[in-house]
Amino acid sequence: MRRLRILQIFSRYVYFGGEEGSVFRIGDALQENHDAEYFIGSTNELLGGDLIDKIQAPFRAFYNLPVAQRLRRYQEVGNFDLWQVHNVLPGLSPSVYQTAFELKIPLVHYLHNYRMGCTNGFFLNHGQPCERCLHGNFWPAFQTACWRDSHLISGMMGLILRRVRSIGTFQNTAAWVALSHSQKAKHVQMGIPEKRIHVIPHFYEPEAATPPPSNPSGDILFLGRLSPEKGVHILLQAWQLLRSGDRKLIIAGTGPEESKLRALAATLALKNVEFTGFIKSEDQKRYWSQSAFFVAPSIWEEPFGMVILEAWANCRAVVGFNKGSFPELIADGTDGALALQVTPQALADKMQLLLDHPELAIRWGQAGFAKLSSLSTKAAWLSRIESVYQSILPS
């Protein structure tokens, strides 16, 4: 395939998360065969620094004229073959789609969450599963204030998402990339044409050396962003139910829920729970080496469990819920454990199994490491994404 010029478009969130990391990992991988550049915005940029910016922000969230003008200049100078969109809301606005359609630039849209059918993108309403807006009626979001606990913000995002649909984004986007089959199925329900959604899981290539096996008497580790959809509150409740002895539960990471989770741990009078705060990537190895297994208690329909691959790359078994993409990755009883109900007791039962039988944690972690080689490598990922590009570009 000829070397393409690709513009990657992404609007940053308030907190750094796995999606942002994926955007730049994808861009780095594309550089091997193509020329990938970035067009980056953010919610903070949308809000600006003065009163006039803040007054204009709600209107720009519907159509950001400065962004549209900048994109036209980028295209004129860069002569990109396609735009690869990751996130445009709210900072960049639907003007990204409208500008691409007007310029007849092929769009490849990466799906990292469920924002096209949910104002908060998680199919969660105050911690409970909710798909009432999936088909495009976002009135329930306004009624229940399901995004940022605000009727106004939830309602505005619902109106913005209605605009996304009204300009023909579902039909006019050349190709959509889902990270799992479960995620694809949800977007087909939303109304995106099934034939245009390509399932391409993220790639992950571990270090060449095999890491040390699970520590039989080690800690139980959670490492990730502390946000509601990650289910750490259920993990803390499950910890209260365990016979854990002197083991420690390590909560490594930070995020908007950190203060609430610390307060919950204090309210439950939990022992041997350590909140580490943000851990730099170069310092994470120590926590992996001291761990017995990893817990990923996500309560949303996680599109792809990159953290599962990271755990396997460190020879650690994973305990999680039977939701979203997790059943597509984890073979229950072979390389991890899946709790069938999203409850503290169900999670505690699976964790107790590994605490009582550390040999299982060792064996499942090693099986997970061996499984990585059969999953998507960078070369395989490049081949699959390039087949998508070939399908939408003129020969």
## Note on the structure
Quick note on TYR110, TYR38, ordering by fewest other C-beta atoms within 10 Å, gives TYR38, TYR110
### Estimated [θ] at 222 nm from DSSP helical runs (n ≥ 4, -39500 (n - 2.57)) normalised by residues in the chain, nearest 500
-12500 deg cm²/dmol
### Task
Run down the aspartates and glutamates and flag those whose C-alpha is under 15 Å from the C-alpha of LYS350, throwing out any fewer than 8 positions away in its chain.
ASP332, ASP335, GLU359
### Query
Normalised by the residues of the chain, what does the relative contact order come to in percent, with Cα pairs under 8 Å and at least six apart?
14 percent
### Query
Relative contact order, percent, of region 219-372 when contacts are C-alpha pairs under 8 Å separated by at least 6 residues?
25 percent
### Task
Report the residue, chosen from LEU340, LEU107, LEU329, that carries the largest GNM mean-square fluctuation when the chain is represented by alpha-carbon nodes joined by springs under 10 Å.
LEU340
#### Entry: Ranked packing of 117-123, 269-275, 176-182, 365-371, most packed first, by mean Cβ within 10 Å
117-123, 176-182, 365-371, 269-275
### Task
Once you have all Cα-Cα distances for region 219-372, histogram them in 10 Å bins from zero and send the whole-percent values.
12, 46, 38, 5, 0
### Task
Consider the candidate values (i) 23.3; (ii) 25.2; (iii) 19.4; state which one is mean projected area of the Cα convex hull in nm² computed from the structure displayed.
(iii)
#### Entry: Relative contact order computed over region 201-303 (Cα-Cα under 8 Å; 6+ residues apart), in percent
42 percent
### Message
Number of Lys pairs in region 130-283 with C-alpha atoms less than 24 angstrom apart, excluding same-chain neighbours closer than eight positions?
### Response
13
### Query
So how strong a dipole does the chain carry about its Cα centre when Lys and Arg Cβ are +1 and Asp and Glu Cβ are -1, to the nearest 20 debye?
720 debye
#### Entry: Taking ASP28, ASP335 and counting other C-beta atoms within 10 Å, the order from fewest to most
ASP28, ASP335
### Task
Name the residue farthest towards the positive end of the dipole of the chain from the options HIS357, SER391, ALA317, assuming +1 on Cβ of Lys and Arg, -1 on Cβ of Asp and Glu, about the Cα centre.
SER391
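Each reported figure results from applying straightforward, stated rules to the coordinates on display, with no laboratory input. None of the values given here were measured: they were computed from a predicted structure. Note that each Cβ is placed from the backbone with ideal geometry, even for glycine, and that neighbours are counted across all protein chains shown.
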